[in-house]
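Chemist: Got a structure for you, questions after.
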Amino acid sequence: MKGLAVLENLLLPAAAGLCLVSALLSFFPGKQKRRAGALPFLWCAAALLVMAATALMIYYLITVNCEYSYVYSHTSRDTLPAYRITALWSGQEGSFLLWGLIMFITGIVLLGDNAKGFGRSFGIFSAVCFVLLLLCIISQPFARLSTPPADGLGLNPALLDPYMTIHPPLVFIAYSAMAVLFSLVGGPREDRVAAATKTRRWVRISWFFLGVGILSGSVWAYRALGWGGYWAWDPIENAALVPWLILTGYLHRSDLSGRNVCILPFLLASVGVFLTRSGILSSMSAHAYAEGDMLISAIISCAVLGIAGFLVASKIKKARKKDTCKRAKININRILTYTTNAYAALIFLGTVAPVLLQAPTPTAYYTAISAVYALVYAGLLLAQDFKILKKLNIPMILLSTALTSGIAVLTRTTKYFWLFVVWAALMPLSLWLADRFRQSGPRYYLRHLGVLFMIVGAVASSAFSGYYYAAAEIDGEGISFEGVRISKTELAEKEMIIVTQPHRDLIIQTSRVLPSPTGGVIVHYTEKPLILLFWVGCALVAVPPCRIFSRKRKQSRDSRGSAPHPAFLNGDSAPKPPPDCEDTAPVPPA
């Protein structure tokens, strides 16, 4: 056992050493042939060591080996085997281990994708992996207890949910893809335009996995936390939302050659990890890793700021003294991008404000900026399709008014401001979708139809929700009210019951099912109108882009976009603008 203890504690340091050698080999290459042979070998060896460490931890979790502090804290013999495996990412130590494993697998994909593309980019990626392994080592996933107990404490009950089996891995895959984006900033200057194609590809991959990760986390919160909501503006939630919004803005741009495209998403994600893992911001999240280590936080901060500072300084040093780039007129598509980025910035400020103000940011702040963003976004879409509006203004205004009136009747609300938000979103989005369907086909249609459903569903389920009570009849098998039937088993076993109907969800706290003085029971419940629209919209938005894993962009654009030069797609020396110029022609978002 002593030999095994020594071995398991050497796996991660050995992998970190190999990772550091890989980074140095990439930054300071010797002969090209020797490097091309040594780098894949070193990286695969490090990846095997990380895989071995992860496999050992999973084995200890499955067998409930309570000699280890992490196993004792996050599993028990009563825990189902599937959830014993997912306990790997229920705590801070295991989460870093999982993230490290995904990063090394991503590195193998990079080496296989472009065997000749060694250089500073892979060196930066290796440096990020090295820092992550340091975090794993400091967190001590294989720390042992002096007196092993007979059984563990078990997993947090809130984490015993199928959606928590996929939520953290999806987010870590997205963070790893953003680390690839971050490393692309180190590419040679002469290959900058060719690298823009890779940048767009990894932007899409990051955006997709982070979006699906956020969606799965929202479903988990709605089902498991017991408060009947899918978004609480928690720092952990915001830490994932802000980079996703930035990536969404990038998808609306036709030029991704600027270096900020590579740096900003991963930088924001790292700041989010710092805030949520350090314990600086208190969180209502049920994640067990909300408590953090200040040493880990310091390493994250110094590493990210150091690497980013080095890259920015290198960029400034190589920049030309005279910038001959000609900026074209600002178009609607670019304003949409800036609006989304501004919204992300306001969310970020609200997230970090408690550090400075020593007071939590009120939910009303996030509600206000979200309402303003929805109105501005809808107005910009309306301006973009002004020509169609002039032709269809009366029918579309009448249709939007009729739909909004129907929603008002269905939800029994008189909140006129939020009804105006729904009306304002319905009209321009309907016009815009009609134009996009005509020009771009059903793929863009479905995705932006999903945006429409999300806006309407989010407004209706939050602003129009209400707290009601109803008299329920009791029979031998359960209770029934308003066409809803709940069994005695559900009442006895569950703390919260969600009844889904086409036009609403009823959220029932079983502790609020109380006896009635006149016989029967009184059921107190929260009504969430049209929340099904929100979930359908999320599913449509999360549909993976058709070219998410493609190596080349489709050259054809619609009439409002501009096709890239063929040499740009092939990575050749094509006519190209200076690196920080943005193409002014709008393109449909991917």
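Where a number appears in this text, it was derived from the coordinates with a stated rule and is not lab data. Remember, it's a predicted structure, so these values are computed and weren't measured experimentally. Reconstructed Cβ throughout: ideal geometry from the backbone, glycine too, with neighbour counts over all protein chains shown.
Chemist: Sequence-distant or interchain residues sharing an amide H contact under 5 Å with T75, placed H: which?
Modeler: So T75 has HN proximity to L153, G154.
Chemist: Work out the FRET efficiency for D78 and S516 from their Cβ-Cβ distance, taking R0 = 51 Å, and round it to the nearest 0.05.
Modeler: 0.85
Chemist: According to a simple spin-label model (label point 7 Å from Cα along Cα-to-Cβ), what is the distance in nm between F28 and D113?
Modeler: Going from the D113 label point to the F28 one covers 2.9 nm.
Chemist: Residues of region 506-526 with amide nitrogen under 14 Å from the 7 Å Cα-to-Cβ point of T414?
Modeler: The answer is none.
Chemist: To make sure I understand, if each residue's beta carbon is the centre and we count other beta carbons within 10 Å, what order do T413, T147 fall in, fewest to most?
Modeler: With the sparsest Cβ surroundings first, the list reads T147, T413.
Chemist: From the residues G519, A492, Y467, which one has its Cα farthest along the dipole of region 466-529 in the positive direction, the dipole being from +1 and -1 charges on Cβ of Lys/Arg and Asp/Glu about the Cα centre?
Modeler: The Cα lying farthest towards the positive end belongs to Y467.
Chemist: Test of understanding: ordering V372, V71 by Cβ neighbours within 10 Å, fewest first, what list do you get?
Modeler: By the 10 Å Cβ count, ascending: V372, V71.
Chemist: Projected area of region 466-529, taken from the Cα convex hull and averaged over every viewing direction, in nm²?
Modeler: 4.1 nm²
Chemist: Can you tell me how much longer the chain between S487 and L375 gets when fully stretched, taken as 0.36 nm per residue apart minus their C-alpha distance, in nm with one decimal?
Modeler: The span from S487 to L375 would gain 36.0 nm if fully extended.
Chemist: With all pairs of different alpha carbon atoms counted, what Kirkwood hydrodynamic radius in Å does region 23-179 show?
Modeler: Over region 23-179, the inverse of the mean reciprocal pair distance is 16.8 Å.
Chemist: May I pose another question? Would you mind computing, in nm to one decimal, how far apart the modelled labels at Q501 and C44 are, each placed 7 Å from Cα along Cα→Cβ?
Modeler: 6.0 nm
Chemist: Under 5 Å between amide hydrogens, which residues at least 5 positions from R504 or on another chain qualify, with H placed 1.01 Å from N in the peptide plane?
Modeler: Here the answer is L530, since their amide H atoms fall under 5 Å of that of R504.
Chemist: What ranking of T489, T339, T518, T411 emerges when the number of other C-beta atoms within 10 Å of each C-beta is taken as an exposure proxy, fewest first?
Modeler: In increasing order of surrounding Cβ atoms, one gets T518, T489, T339, T411.
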